[in-house]
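Here's the structure we're looking at; comments come further down.
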Amino acid sequence: MSAKIKVEIKDNGIIVIEPKGNFVGGEETDDLRDTIKNLSEGDNKKLVIDLSDVLYLNSTALGVLISAHANYTKREGKIKLSNLNKNLENLFVITKLALIFDSFENQEEAVASFS
């Protein structure tokens, strides 16, 4: 299943991306990396990644998220996650990434947390 990434611009410069599919280190993961990179180069500092339609992330995809987090933090920006399913939630807890990323029940809470 190939991945698709929807990008939506909210108020106050907040951008929401909604990846869809399995991220297993192939072209779909490159698309995610490129999308986030383009947003950061466009000087975006408030990013919400809505994972409601993501079923699986492998270590390469996690690396993309970690790298993006480091980039945003370095530029005094913030990445927040929303809608993690149980499997992804467990993955973030096991890898201790739950301590690094702020995650929210839904996209609205994640967007509101920026204010």
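The values are calculated or read from the model by the stated rules, or taken from the named source; none is laboratory data. Since we're looking at a predicted model, the values are computed, not measured. Positions of Cβ are backbone-derived with ideal geometry, glycine not excepted, and every protein chain shown enters the neighbour counts.
Structure notes:
- Among (1) among the polar types (S, T, N, Q); (2) closer than 18 Å to Ala98 by Cα; (3) modelled with pLDDT under 95, the one test that Asn12 misses: (2)
- Residues of segment 57-78 that turn out to be over 13 Å from the mean Cα position of the chain (by Cα) and within 17 Å of Thr29 (Cα to Cα), as a count: 3
- The single condition among (1) touching a residue at least 24 places away in the same chain (Cβ under 8 Å); (2) at negative phi; (3) charged (D, E, K, R) that Glu76 does not satisfy is (2).
- Number of positions in segment 15-26 that are buried (at least 20 other Cβ atoms within 10 Å of the Cβ) and farther than 22 Å from Asp102 by Cβ: 0
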